[in-house]
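Heads up, the thing below is written out as structure tokens.
The values are calculated or read from the model by the stated rules, or taken from the named source; none is laboratory data. Nothing here was measured: the structure is a model prediction, and the numbers come from that model. With ideal geometry, Cβ positions are generated from the backbone for all residues, glycine too; neighbour counts draw on all protein chains shown.
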Amino acid sequence: MPILITETAARELDTTILYQELDASKTCLRVGVKGGGCSGFSYILDLTENLKENDETWEHSFKRSNDEPFTVRIICDPKSYLYLNGLTIDYKDAIMGRGFVFDNPNASTSCGCGSSFSA
């Protein structure tokens, strides 16, 4: 299963890429996991132009509010993908905080802040 991104999260990434003056045609969202966090694994999100030979890759197309198309490219290393296949990345902007949130079907538990999980 691919790693998915919602339209809300994609627009936030698009805004960030434009704000940081990154090359949108080369910039990818690297998604991964590392050991740590209160539940065992922490999510990693990074904007990068560096793809590795064994990376899994997905492209998702969206439209900006002016109907201009843009593409979000997601990359993930094979070890992280074992824990992230089927992951959906969303973005929430609420009174209690804002940031990316993760819906991971592989997580058996996750912490209260949503930034770590166990599988």
Six or more apart or on different chains, Cβ atoms under 9 Å: show the pairs whose first residue is in the range 96-119 and on the phi > 0 side of the Ramachandran plot and whose second is modelled with pLDDT of 75 or more and acidic (Asp, Glu). Gly99/Asp93
Within the range 33-40, can one find any residue that is over 16 Å from Lys79 (Cβ atoms) and modelled with pLDDT of 95 or more? no
Tally up the residues in the range 60-69 that are closer than 13 Å to Ile5 by Cα and of a type outside the set (Ser, Thr, Tyr), please. 2
Can you pull out the residues in the range 32-51 that are out of contact with any helix residue (DSSP H, G or I) (no Cβ under 6 Å at 6 or more places or on another chain), without any contact (Cβ under 8 Å) to a residue 60 or more places away in the chain, surrounded by 11 or more Cβ atoms within 10 Å (Cβ to Cβ) and outside any loop (DSSP other than H, G, I, E, B)? Lys34, Ile44, Leu45, Asp46, Leu47, Thr48
How many residues are of a type outside the set (S, T, N, Q), closer than 16 Å to Ser25 by Cβ and either at pLDDT 95 or above or in a strand (DSSP E or B) (or both) if we restrict to the range 52-65? 3
Of all residues in the range 4-31, count the ones that are assigned to a loop (DSSP other than H, G, I, E, B) and surrounded by 13 or more Cβ atoms within 10 Å (Cβ to Cβ). 4
If you scan the range 9-68, which residues turn out to be over 21 Å from Lys92 (Cβ atoms) and of a type in the set (Val, Ile, Thr)? Thr27, Thr48, Thr57
